[in-house]
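Reading through the structure tokens given below for one structure.
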Amino acid sequence: MGSNPSSTAVVKTTHIWIWSADDAPWEQNDNWKPYSDVENRIIEQAHEENKSTIELDDYYIDLRKHFQTRKPTSNKHRPIKRVLLPDINKRFRPARRYVLQKPELTPELAALGWTAAWSRFLLAAGLFGVIKDAELAERVEKAADGIIEEAVKLEKRIEAEWIGNELKKVKAETREVIGVCCVTLFMMDSFLHTLLNQVLRESEVQSAGVRCAHEFTTESGKTHGRTLGPYCSLLWIYLYESPSQGLTYVYRTASLTKTTIDDYQKHIGKCMVWTDFSIATKCKTNALQSQENTIYEIKIRKGGVPGVMDVSTLTDYSAEKEVLIIAGIPFEIKAINYVEKLQKYFISIEL
């Protein structure tokens with residue numbers, strides 16, 4: 001399951017829908033904001049099907065009169081409009097994905113060992129290992145249904161149903177097409193990316209006493225293993241089985257406190273782990289232009305590392321030059337330097 005991701009099951013967009021965020025939206029239109037990637041796909045699909053109205057999780061959209069109304073009920077309408085993207089290759093995300101949200105070190109997880117660090121969530125969910133061809137369609141169905149079940153709790157049912165439908169469209173396709181679809185959906189701006197990574201970071205897992213056997217210690221962990229485990233396994237295994245793409249350095253950023261910097265200093269030469277699916281950029285300039293005070297210079301060992309994929313062709317934000325890194329990947333802290341001219345710390349890391 002894995003090869004060069006040259007095509008995607010989810011078609012790229014050439015237009016986006018935006019809404020007026022001005023205090024007096026019908027009097028001035030200086031502040032326009034885009035809908036999320038998934039919301040945009042839902043609206044665009046309705047537009048192409050010549051529908052007059054569409055429902056999102058937070059809004060009702062009138063495509064004839066071009067306004068949105070916030071749920072549950074509101075008399076205040078806001079203008080919306082459809083705009084052509086002049087050059088999709090120069091489009092950046094509203095919020096960069098390669099900024100670490102939880103940069104604190106977790107040496108206790110790295111101490112669990114190679115296999116446990118890479119796959120403890122999937123081990124506890126009973127979903128770690130090769131997916132047989134005969135099991136793929138059922139795994140995709142469970143992935144779609146599980147995402148929808150979790151989304152209902154977050155009041156994101158409509159968004160999740162679109163995601164689930166995209167997955168089910170490819171359930172009878174090849175492992176490659178299914179894997180590319182999973183990556184593409186993860187890279188879109190939606191609740192899915194945030195939720196899955198939060199679950200991977202926060203799930204409490206312990207050894208079950210048998211070699212490589214793990215179990216969740218909470219009921220919420222067991223639930224997440226059932227609902228998000230199938231999708232996580234499809235995404236994880238596709239990344240793991242994809243061949244090296246010749247990447248040498250990628251970059252992440254973070255805003256670190258002095259205490260956290262000192263902790264990194266103490267762990268130079270030690271192996272740590274990122275428990276979630278990480279996003280980096282292969283463009284150092286992008287990282288240098290960030291507002292954060294720390295840049296991670298991540299060296300990829302010669303010959304490549306399993307689970308590190310250039311996904312810039314699978315998003316609507318090619319200018320970000322994004323690289324997706326498999327959940328649970330170990331890394332070694334090599335050095336830390338402060339560059340006075342840039343007023344940034346540079347943390348050298350090797351995968």
Task: Output for the stretch 299-327, where each listed residue is charged (D, E, K, R) and crowded, with 20+ Cβ neighbours inside 10 Å - done: Asp316, Glu320, Lys321, Glu322
Open item on the list: Anything in the stretch 273-319 that is outside any loop (DSSP other than H, G, I, E, B) and farther than 12 Å from Val250 by Cβ? List them, or say none.
Closed with: Val273, Trp274, Thr285, Leu288, Thr294, Thr313, Leu314, Ser318, Ala319
TODO: Could you check, for the stretch 178-201, whether at least one of its residues is part of a helix (DSSP H, G or I), under 26 Å from Lys321 (Cα atoms), of a type in the set (Ser, Thr, Tyr) and without any contact (Cβ under 8 Å) to a residue 12 or more places away in the chain?
DONE: yes
TODO: Would you please list the contacts, defined by Cβ atoms under 6 Å and residues six or more apart or on different chains, that run from a residue in the stretch 273-298 that is crowded, with 22+ Cβ neighbours inside 10 Å to a residue that is in a loop (DSSP other than H, G, I, E, B) and of a type in the set (Phe, Trp, Tyr)?
DONE: Ile279/Tyr98; Ala280/Tyr98; Thr281/Tyr98
TODO: Show the residue pairs that are 6+ apart or on different chains and have beta-carbon atoms under 6 Å apart, the first residue being within the stretch 324-338 and in the same structural domain as Tyr240 (by the TED database), the second being acidic (Asp, Glu) and buried (at least 20 other Cβ atoms within 10 Å of the Cβ).
DONE: Ala327/Asp276
Task: Hey, Gln206 touching a helix residue (DSSP H, G or I) at 6+ places or on another chain (Cβ under 9 Å) and not aliphatic (A, V, I, L, M) or not - done: yes
Task: Selected residue (only one of Ile61, Ile43, Ile16 is assigned to a helix (DSSP H, G or I) and of a type in the set (Val, Ile, Thr)) - done: Ile43
- [ ] Of the conditions (1) out of contact with any strand residue (DSSP E or B) (no Cβ under 9 Å at 6 or more places or on another chain); (2) touching a residue at least 24 places away in the same chain (Cβ under 8 Å), Lys302 clears all except one; give me its number.
- [x] (2)
Task: Filter pass, Val83 being of a type outside the set (S, T, N, Q), surrounded by fewer than 14 Cβ atoms within 10 Å (Cβ to Cβ) and modelled with pLDDT of 90 or more - done: yes
Open item on the list: Regarding the stretch 253-276, can at least one residue be identified that is of a type in the set (A, V, I, L, M, F, W, C), within 19 Å of Asn197 (Cβ to Cβ), within 18 Å of the chain's Cα centre (by Cα) and modelled with pLDDT of 95 or more?
Closed with: yes
Task: Scan of the stretch 52-67 for residues that are touching a Ser or Thr at 6+ places or on another chain (Cβ under 8 Å) and of a type outside the set (Phe, Trp, Tyr), ordered by number - done: Ile61, Asp62, Leu63, Arg64
- [ ] Kindly indicate whether any position in the stretch 5-14 is touching a Phe, Trp or Tyr at 6+ places or on another chain (Cβ under 7 Å) and either farther than 30 Å from Leu136 by Cα or at pLDDT below 95 (or both).
- [x] no
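The values are calculated or read from the model by the stated rules, or taken from the named source; none is laboratory data. All values reported here derive from a predicted model rather than from experimental measurement. Here Cβ is always computed from backbone atoms with ideal geometry, including for glycine, and neighbour counts include all displayed protein chains.
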